[in-house]
Amino acid sequence: MRLILMGAPGSGKGTYAEVLEKHFRVPHISTGVIIRNAIAKETPMGLIAKTYIDKGNLVPDEIANEIVKERLKEKDCENGFMLDGYPRTLAQGEHLTRALEDLGVELDAAINLVIDESLVVERIINRRYCPKCGRGYNVKTIKPIVDGMCDDCKVPLLTRDDDNEETVKSRLVVYNNLTKPLVGYYEKLGKLVSVDSNRSIDVVVEDIIHALEE
Ligand code: AMP
């Protein structure tokens with residue numbers, strides 16, 4: 001299965017990807033995670049990306065395109081992949097279409113997670129993640145067994161630097177201006193699957209799996 005997960009910040013891309021990667025047995029590729037790791041390691045790409053991410057802006061297309069182009073060539077992507085947070089601009093979408101053509105493979109679907117914007121800020125400021133395994137939590141809806149600790153790694157959970165109210169608002173503007181046009185792009189390609197993401201995780205996941213297996 002070759003999938004894209006699209007949606008506004010806080011629409012649940014990472015949360016659903018964690019479940020769907022197990023169901024479809026494909027690697028979950030999050031450009032956000034790859035970029036945050038590069039920032040933590042202070043690589044040359046990470047140092048450039050940090051200046052964009054901290055303000056809630058997108059990193060330049062060339063950086064995101066290069067990350068994904070190289071990652072898709074890896075062996076574990078031979079039988080499929082799930083892209084989370086890429087593409088985020090029309091130029092990235094067109095680049096991905098060409099990259100897949102070069103690899104001789106076809107996208108199965110672009111899943112568009114539709115969320116009410118009034119829920120986004122609340123969801124995001126309550127988000128936490130495990131710095132070791134990347135698993136996502138929410139202090140209200142996806143609580144760890146022990147308060148503030150990852151269930152698997154037993155290390156303290158953290159809040160992303162860009163998960164604050166001010167940055168979320170710019171990320172929403174960026175989403176509406178630059179990323180939303182991809183919905184029309186994938187609709188024209190006949191790949192769009194839109195899912196209402198305002199509901200509980202189990203219901204949304206079931207809907208996605210059902211739509212993809214049809
Ligand atoms: P995410 O973890 O998907 O919410 O991404 C966090 C941040 O990483 C975004 O707000 C962007 O600054 C950057 N980022 C992630 N993916 C991309 C992408 N495909 N294009 C440009 N910037 C990206």
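Every number in this text was worked out from the coordinates using simple rules, so none of it is lab data. Please read these numbers as outputs of a predicted model, since none were measured by experiment. Using ideal geometry, Cβ is built from the backbone for each residue, glycine included, and neighbour counts are taken over all protein chains shown.
Can you give me the distance in nm between label points at Val114 and Asp202, each placed 7 Å from the Cα along the Cα-to-Cβ direction?
2.4
Antiparallel DSSP bridges in the range 76-214: what percent, to the nearest 5?
55
What is the fewest-to-most order of Asp152, Asp61, Asp84 by other Cβ atoms lying within 10 Å of their Cβ?
Ascending number of Cβ neighbours within 10 Å: Asp152, Asp61, Asp84.
How do Ser11, Ser194 line up, fewest other C-beta atoms within 10 Å first?
By the 10 Å Cβ count, ascending: Ser194, Ser11.
Show the residues, 5+ positions off or on another chain, whose built amide H is closer than 5 Å to the amide H of Ser30.
Long-range HN contacts for Ser30: Asp84.
First select every other residue whose beta carbon is under 14 angstrom from the beta carbon of Ile63; then total the charges, Lys and Arg +1, Asp and Glu -1.
+1
Can you tell me the Rg and the Dmax, both Å, for the Cα atoms in the range 2-132?
14.7, 41
Anything over 29 Å Cα to Cα? Flag those among Lys41/Lys180; Lys13/Lys154; Lys75/Lys154; Lys41/Lys154; Lys41/Lys140; Lys143/Lys188, in the order listed.
From the list (Lys41/Lys180; Lys13/Lys154; Lys75/Lys154; Lys41/Lys154; Lys41/Lys140; Lys143/Lys188), the Cα-Cα distance tops 29 Å for Lys41/Lys180; Lys75/Lys154; Lys41/Lys140; Lys143/Lys188.
Can you sort Met1, Met82 so the residue with the fewest Cβ neighbours within 10 Å comes first?
Least to most surrounded, the residues fall as Met1, Met82.
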